[in-house]
Amino acid sequence: MVKQSAMLETQLHEAIETLSLLRTRMLRTDPKNAELRSSFREISHHLESIRQLNPVSSEEFRQFISWLSMFLQADFGMNLRQYQQLGDSERDALIEHINQRRQLLLQAENDVPLLHTVIGTCLMTLNAASDSEASGSIEKQARQLAKTLNNHLREDEKLHKALQAFISAMQQSLEKISSSLGDMGGQIPELAETQNILNAELPADPKMAQALLLKARANILRAGQKVGQAGKAISQALKSQQAQMQEMSENLNRAEFDALHDPLTGLGNRRKLGEMFKSLGNRSAAFLIIDVDHFKKINDRYGHDAGDDVLVGMARILTGNVRATDMVVRLGGEEFAAVLPEVSADNAFTIAETLRGAIEAGSFKTRKGEIQVTTSIGLASRKPDEPVSHWIGRGDVALYQAKSNGRNRTEVSLD
């Protein structure tokens, strides 16, 4: 009896250890894995040995199996609990639960990639690159999409307000001109056309709206030429109108510049980068994504003002070490990017290393003194007919490799 008890204790211990190993593998491997099946058979063998020992009654074995089933997935638990030990209703409920679980898993296999694709397409349409850290997380991708939409709405609102102010100023001057012409019995078709343009609903697209307003401006200039010496009141109104139009045009240009540029560094932003991608067409190019190493530590040690000084210095060094045809933008935070059109892979790597070396050798003057900075760079040369989103993604992966391999280095995407 003592010997059997010792055997029981040993086999129970082996069964529990094997169960722990099996549970870990169930979470990490495919259920069809041969090693996993072998482990499961080993547990079954141990449990069968326990059941056949005299000190363990059938009731005790059933109770142990019931407890063990709670630790396993429903699919495997069913293999342990024999059908003759379950009532019809319990067996049917278990089978239904397993089928529902399988259907949910199959549905998730179809829905999750589709959701990734939809969010990625939305981000590409908005000219926003997907973060490398968010590529495997729907929640993070959705959060990035919401942030991008909010940025677009804020930038478009600035342009829309500037356009509305432009229209208001033009309408007031046109009313004065029309009133003066009416007093003299004169009519100018260009002014009538301009009035129709301003009375119509403004297009939502800022570029289309600006094109209409430029047409109205041209009409007013032609009207001014026709009016000539029609009267002092009209001449003064036209001069005032032209001055206001010039001011409003400058305001529009500033609003459009602000919508496409980073306010801290003056570099282009993600929108500007999107326009650059569109202008490339099918031309070859290289994409660099540049990240300041340990930037959080700089902020924590020297303060955010000093961190901003570092970012401004980064922008100065980057723009001073690329070609006139290249574009450098700030993606956000401590991340920058550069697009190098029509450059070979070797020359692109040379430019990337020049940028990295210039930053490492430079001394960044900040409000808290001089700070030494290094960067990690990911490089991806565009393949023929490669989608922009995939191209950017390869650059992100190369940047991740640069950071994983020790930072302060350039890694090239070989995919």
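Against the test of being part of a loop (DSSP other than H, G, I, E, B), more than 24 Å from the chain's Cα centre (by Cα) and surrounded by fewer than 19 Cβ atoms within 10 Å (Cβ to Cβ), the options Arg254, Arg323, Arg316 yield a single qualifying residue, Arg323. For first residues located in segment 259-279 and closer than 19 Å to Gly307 by Cα, partners that are assigned to a helix (DSSP H, G or I) and of a type in the set (Asp, Glu) and lie 6+ apart or on another chain with Cβ distances below 8 Å form the pairs Leu264/Asp308.
Might you let me know whether segment 298-311 holds any residue that is surrounded by 20 or more Cβ atoms within 10 Å (Cβ to Cβ), assigned by TED's automatic domain parsing to the domain that holds Gly378, in contact (Cβ under 8 Å) with a residue 12 or more places away in the chain and within 19 Å of Val412 (Cα to Cα)? Within segment 298-311, not a single residue is surrounded by 20 or more Cβ atoms within 10 Å (Cβ to Cβ), assigned by TED's automatic domain parsing to the domain that holds Gly378, in contact (Cβ under 8 Å) with a residue 12 or more places away in the chain and within 19 Å of Val412 (Cα to Cα). Scan segment 349-369 and give yes if some residue there is among the β-branched types (Val, Ile, Thr), closer than 16 Å to Arg409 by Cβ, modelled with pLDDT of 95 or more and surrounded by 18 or more Cβ atoms within 10 Å (Cβ to Cβ), otherwise no. Yes - at least one qualifying residue is present in segment 349-369.
For segment 257-305, how many residues are under 20 Å from Ile377 (Cα atoms), part of a helix (DSSP H, G or I) and over 21 Å from the mean Cα position of the chain (by Cα)? Going through segment 257-305 one residue at a time, the tally reaches 2.
The values are calculated or read from the model by the stated rules, or taken from the named source; none is laboratory data. Quick caveat: nothing in here was measured; it's all calculated off a predicted structure. Cβ atoms come from the backbone with ideal geometry, glycine included; neighbour counts cover every protein chain shown.
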